[in-house]
Protein chains: 4
Amino acid sequence: MRTVGVGVIGAGVMGAEHARILAGDVAGAHLVAVADADLSRAEAAAQGARATTDALALIADPAVEAVLVASPDATHHRLVLAAIAAGKPVLCEKPLAASTAECLEIVAAERRAGRQLVQTGFMRRFDPAYREMKVALDSKALGALRILHCQHRNAAAPAWFTGAMAITNSLVHEIDVCRWLLSTEYSAVTVIPCPSEAGGSGDPALFVFETEAGSLVSVEVFMNAVYGYHVHAEAVCAGGTIGMAHPALTRTRRDGAEEGAFPANWVPRFRDAYRLQNQAWIDGIRSATPPADASTAWDGLVATCLADQIVEAMATRRRTPLVLPERPH
Amino acid sequence: MRTVGVGVIGAGVMGAEHARILAGDVAGAHLVAVADADLSRAEAAAQGARATTDALALIADPAVEAVLVASPDATHHRLVLAAIAAGKPVLCEKPLAASTAECLEIVAAERRAGRQLVQTGFMRRFDPAYREMKVALDSKALGALRILHCQHRNAAAPAWFTGAMAITNSLVHEIDVCRWLLSTEYSAVTVIPCPSEAGGSGDPALFVFETEAGSLVSVEVFMNAVYGYHVHAEAVCAGGTIGMAHPALTRTRRDGAEEGAFPANWVPRFRDAYRLQNQAWIDGIRSATPPADASTAWDGLVATCLADQIVEAMATRRRTPLVLPERPH
Amino acid sequence: MRTVGVGVIGAGVMGAEHARILAGDVAGAHLVAVADADLSRAEAAAQGARATTDALALIADPAVEAVLVASPDATHHRLVLAAIAAGKPVLCEKPLAASTAECLEIVAAERRAGRQLVQTGFMRRFDPAYREMKVALDSKALGALRILHCQHRNAAAPAWFTGAMAITNSLVHEIDVCRWLLSTEYSAVTVIPCPSEAGGSGDPALFVFETEAGSLVSVEVFMNAVYGYHVHAEAVCAGGTIGMAHPALTRTRRDGAEEGAFPANWVPRFRDAYRLQNQAWIDGIRSATPPADASTAWDGLVATCLADQIVEAMATRRRTPLVLPERPH
Amino acid sequence: MRTVGVGVIGAGVMGAEHARILAGDVAGAHLVAVADADLSRAEAAAQGARATTDALALIADPAVEAVLVASPDATHHRLVLAAIAAGKPVLCEKPLAASTAECLEIVAAERRAGRQLVQTGFMRRFDPAYREMKVALDSKALGALRILHCQHRNAAAPAWFTGAMAITNSLVHEIDVCRWLLSTEYSAVTVIPCPSEAGGSGDPALFVFETEAGSLVSVEVFMNAVYGYHVHAEAVCAGGTIGMAHPALTRTRRDGAEEGAFPANWVPRFRDAYRLQNQAWIDGIRSATPPADASTAWDGLVATCLADQIVEAMATRRRTPLVLPERPH
């Protein structure tokens, strides 16, 4: 049975996890090679497949039929363009590129290639809880959306994590998944950082988006929530609400309380989402039909483009209209 | 505005709590006197009302219009009979008396008095969660009951607490509240103690009752559950179930988990039940209409009578039919 | 035993409920009289006590030792001043008065009276869930507050309910309870109504407050949430969060789901809060020590004063500093 | 990349689901052929792979390296023996065989083959919630187990479903998963059917097991619970409890309640368990190391052997010791 040969670029936490998923959890794929500037790290992630320090050689390798980019952010743009040039499907971890201009280059290159080759790694679109919410929202069983409340809480961020990074690294997930969930674009944003932190990290901060569909999206981003990693969304509609249940599989009673655990970070919380995203990517390659719900190059551009505008809006503290470049036809 | 003068006998934990409730939480009553063998304890509970060591004098006191008995179990029989003899309403903490024979004496004395004077302090009948379950069960909205699962867990029991005491002190609450909840009588019981403890305390143990209405009642009694005080009931009906929600008012997230607290003992768990029981008792006296749902002298007898039979069934480990004496007409 | 004689002014939904609570659920009080423009309504609420159409006569009645004002909002100012003039403790339903100026008159009159006579009926301060949150926040066990998220959802509002009324009738509860909960004052507000409704009712709307203590308070007010009456608060602190649990006592499983009910309106949700508020008011009168946590005349003023400014902020859509008059010494 | 060629026997609901999982959800396998007495059903399940009506030919097919048996129960014994004779790993849906004697034949045949070839399809051992419970129980963090409470509820059973079938088809899952979870064997069982149903289907019924480790296992089996498919377990230990959380990913608020859905049947509830079981089976074949936690031929024998004894115990209503044949060495 033919399986898709995949090359993974980047063998850090994310790249190694992608290599593990593609080798052991996904049907129809096999791991051909892993590239990393650190060869021993590439070897560890390769689990017996080839290891290299040369990412472009990996892309050129005929046995590599599809490329997964999980290398440092600054390299995404160049590597995705190389994969497109090689005519190979590429799944690129977010961000797709560091600027709107670079993203536009990728969008244009893909258009010239004549077929959809790029998938941006916004894996939440494959998270079962988000998908259950999307099915409910699309069905309109609860009526039109009024407000989508989101919480994005990390247990702890490094000291060098700035307010801008909370937007470009964390909020960017909500930017992508909420416009997918609601099938609309944002028209404006108001950023209200917690005053006690305003002179500092701006953590936590509230972001309130208005959408073209006439609803609100409020997002609390808290990089140092201490108690655990916690991503939550609740859609308040005209006729009811739907929100995520607590993610724990079990409840423990001890020491005077009943408790349900939170994961320490995103790995357990979104394990299924990564697996299903990668499975859908492979299925799309095998069937020559890219997955309908996946984040495209354009979606990657929108995320980068809006994140930049929101960083500016955070500085001004004023309601700020959000705009997108014209989409190439 | 006339309020009912109440005398409280017993100033231990329960008696002091009853005095506090009657003085400060209940409309239409005032505390006249508290009796206890330990005068200083009586004075502390009396909060300015009279204190005495003479329970019979308290009952005889013309200012005492109603008597609450919360003294040691062995004194209940004598004091309730004295209150009946004085023609005064009496609310007696469980057990009503130590034996079926003594309970029958009380039932007979009350009959001779010509009016309902005795209420047994099975306060769970006034617990809002149990009442919400009873309304649902009586409505038959979920169909006929099949199994009622109960859990009665104490954080810790004293070392001298024997298996028989788990029945006469703890299970006795389920004996009363379940037959009230289901409007039926028990026909048989099977007792299955936890084997690792069978040679010892029989803790935890499972009690499975069959009822005349054709349903089962399973009760886990665990006197040393450590994690907290936890009373739970879930009614499994032909068309659905209804059970108690976790009793915590708030949820805390910290240290990697979301938690809802359990109370350390019955005081916070059944604070409302005691208040509402005592309010209903006072309202019944003021309106000369005893509360319809309260536990009567006969109910007190049933609890004592069945507890004795269940203690024997625990020893034999065999399915044991449960019988009641003929009810006096 | 001496009980406090109370006169209730207003026999609408709220007034009748207060009369019922004072007559039947509260220790140490008795209902002397009920006044209402509609005598038959007053009689129904009086349950055998006196009924009158003359509120001022009720206040003057020597048997009335304390006055509860639950009449139409426009009458509060006049009646509270009359109670102060008569030297009688008065518990006034919110709002204390229709304008800051009228509230200042009351504050000044009370000061002249030389003792604390006025309690404003912000009953949420006595709600057990809010109090559990306040104990936790005051303990600083979870660290400093960062954001307090609130939701105030009504099942349905009358068609004539405008955006301003959502603030003066509903949000006003959060205005009071959150500054009490956090022991701080608000410094600014940003109002963001749901765009789809901006030309209409502004329902739902988000209100984001900044506080002098350096935290945020976000409040969603949704007057037509359809699914039920739902008041929720979650405090996000530096080291964890504490929020309200679902208020249902039981869980029902049927028709493919487990469900916990919401109340249809505020009556069941805040029944305990009203009872405990009124009990604390009566206890305060009997002990000549007004309850420490109750909303005072000044608190009533703050609520009215801020509500007016928030109504203006809603119109401008800009971040608006919030100011209070100088507090009389 | 070499993948394991799998042949699936049986193309009913379970067989078709297994074929789908092996072809699309599992890494390292490919579907070679599907056999079913109904060829069109085999073709539908084969999704392009070979379809046949000849199960023995499928087993003999050199391209079939491993066999999954999901045909009618009565054929399991014969087909598993054929797979063993062909030296091919076989994953057999429960029951392994219809009688203890037949199971012993399989155990003996596997021993003669000299290596572990048989896995019994008790997929719950791979359910993430059960595994989280097992990790906690094995850690002894909560102390020794006292009682394991289980509920096995089906929405509805066919009219011809008898009490014995509730044991052999449904309870059999608890028989296997609980002895795995607790690492012990059962020593006795007491069966208490719901009296209202005793003359009929014995549905629901309570099964109380005693274990060699000195704990209790109580199981409610309710084949017609109506409200949904619901499998639940709660382990009550000396120092706390651990139980399954509600399985819903989202919560919906509408029509006066917050609700979390139950699945209609076992497919969504145990989708992950089936996938992970089949992945572990394939991984075990590829690495020549059968999965440590999987149910073996002996485990399949134990389940069949005990189910038979429990059927008899249900008839006698007496506490019944449970015995196993000597295990072949």
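Is it the case that some residue within the stretch B:201-217 is among the hydrophobic types (A, V, I, L, M, F, W, C), within 20 Å of the chain's Cα centre (by Cα) and surrounded by fewer than 18 Cβ atoms within 10 Å (Cβ to Cβ)? There is no residue in the stretch B:201-217 that is among the hydrophobic types (A, V, I, L, M, F, W, C), within 20 Å of the chain's Cα centre (by Cα) and surrounded by fewer than 18 Cβ atoms within 10 Å (Cβ to Cβ). Somewhere in the stretch A:113-122, is a residue part of a helix (DSSP H, G or I) and in the same structural domain as A:ALA288 (by TED's automatic domain parsing)? Yes: one or more hits. Among the residues of the stretch C:216-264, those that are hydroxyl-bearing (Ser, Thr, Tyr) and either under 24 Å from D:PRO247 (Cβ atoms) or at pLDDT below 95 (or both) comprise C:TYR227, C:THR250, C:THR252. D:GLU258 meets each of the listed conditions (1) open to solvent by 10 Å² or more (accessible area, probe 1.4 Å); (2) closer than 19 Å to D:SER183 by Cα; (3) out of contact with any helix residue (DSSP H, G or I) (no Cβ under 8 Å at 6 or more places or on another chain) apart from (2). Of the listed requirements (1) at the interface with another protein chain (Cβ under 9 Å from one of its Cβ atoms); (2) surrounded by 20 or more Cβ atoms within 10 Å (Cβ to Cβ), B:GLU132 misses just one: (2). Filter the stretch D:95-128 down to the residues that are over 15 Å from the mean Cα position of the chain (by Cα) and either open to solvent by 40 Å² or more (accessible area, probe 1.4 Å) or within 14 Å of another protein chain (Cβ to nearest Cβ) (or both) and list them by number. Residues satisfying the conditions are D:ALA101, D:GLU102, D:LEU104, D:GLU105, D:ARG111, D:ARG112, D:ALA113, D:GLY114, D:ARG115, D:GLN116. A:MET165 fulfils the conditions (1) more than 11 Å from every other protein chain (Cβ to nearest Cβ); (2) within 20 Å of the chain's Cα centre (by Cα); (3) at pLDDT 95 or above except for a single criterion, (3).
Based on this model, can you work out whether D:ALA225 counts as among the aliphatic types (A, V, I, L, M) and open to solvent by 10 Å² or more (accessible area, probe 1.4 Å)? So D:ALA225 fails the test.
Can you tell me which residues in the stretch C:135-162 are part of a helix (DSSP H, G or I) and away from chain B (no Cβ under 13 Å)?
Passing the criteria: only C:ASP138.
Checking each residue in the stretch A:245-281 for being touching a residue at least 24 places away in the same chain (Cβ under 8 Å) and among the acidic types (Asp, Glu) picks out only A:ASP272.
Does the stretch A:81-105 hold any residues that are over 18 Å from A:ALA307 (Cα atoms) and touching a residue at least 40 places away in the same chain (Cβ under 8 Å), and which are they? Those that are over 18 Å from A:ALA307 (Cα atoms) and touching a residue at least 40 places away in the same chain (Cβ under 8 Å): A:PRO89, A:LEU91. Let me confirm something: among D:ARG317, D:ARG286, which residue is of a type outside the set (Phe, Trp, Tyr), surrounded by 13 or more Cβ atoms within 10 Å (Cβ to Cβ), at positive phi and more than 14 Å from the chain's Cα centre (by Cα)? Of the residues listed, the single one that is of a type outside the set (Phe, Trp, Tyr), surrounded by 13 or more Cβ atoms within 10 Å (Cβ to Cβ), at positive phi and more than 14 Å from the chain's Cα centre (by Cα) is D:ARG317. The set of residues in the stretch D:214-233 that are in contact with a strand residue (DSSP E or B) (Cβ under 7 Å, 6 or more places away or on another chain) and within 8 Å of chain B (Cβ to nearest Cβ) comprises D:SER215, D:LEU216, D:SER218, D:GLU220, D:PHE222, D:ALA225, D:VAL226, D:TYR227.
Here is a yes/no grid of residues against (1) among the aromatic types (Phe, Trp, Tyr); (2) under 21 Å from the mean Cα position of the chain (by Cα); (3) open to solvent by 40 Å² or more (accessible area, probe 1.4 Å):
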{"residue": "C:ILE9", "(1), (2), (3)": "no, yes, no"}
{"residue": "C:GLU17", "(1), (2), (3)": "no, yes, no"}
{"residue": "C:LEU31", "(1), (2), (3)": "no, no, no"}
{"residue": "C:ASP38", "(1), (2), (3)": "no, no, yes"}
{"residue": "C:ALA42", "(1), (2), (3)": "no, no, no"}
{"residue": "C:ALA45", "(1), (2), (3)": "no, no, no"}
{"residue": "C:ARG50", "(1), (2), (3)": "no, no, yes"}
{"residue": "C:ILE59", "(1), (2), (3)": "no, no, no"}
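Just one of the listed residues (B:SER187, B:SER196) is modelled with pLDDT of 95 or more, within 11 Å of chain D (Cβ to nearest Cβ) and surrounded by fewer than 22 Cβ atoms within 10 Å (Cβ to Cβ), namely B:SER187. If only residues of the stretch D:313-326 that are farther than 13 Å from D:PHE207 by Cβ and more than 13 Å from chain B (Cβ to nearest Cβ) are counted, the one that is modelled with the lowest pLDDT is D:ALA315. Does B:PRO89 qualify as being open to solvent by 10 Å² or more (accessible area, probe 1.4 Å), modelled with pLDDT of 95 or more and farther than 25 Å from B:GLN279 by Cβ? When the stated conditions are applied, B:PRO89 does not pass them. Go through the stretch A:154-183 and give me each residue that's open to solvent by 40 Å² or more (accessible area, probe 1.4 Å) and without any contact (Cβ under 8 Å) to a residue 60 or more places away in the chain. Within the stretch A:154-183, A:PRO158, A:ALA159, A:TRP160, A:THR162, A:MET165, A:ASN169, A:SER183 qualify.
Taking into account only those residues within the stretch D:234-265 that are acidic (Asp, Glu) and within 7 Å of another protein chain (Cβ to nearest Cβ), which is farthest from D:ARG125 (Cα to Cα)? This residue is D:ASP255.
The values are calculated or read from the model by the stated rules, or taken from the named source; none is laboratory data. These numbers come from a predicted model, not from an experiment. Please note: Cβ atoms are built from the backbone with ideal geometry, for glycine as well, and neighbour counts cover all protein chains shown. What goes into the accessible areas is simple: the full protein's heavy atoms, side chains included, and nothing from ligands, DNA or RNA. Shrake-Rupley method; radii C 1.70, N 1.55, O 1.52, S 1.80 Å.
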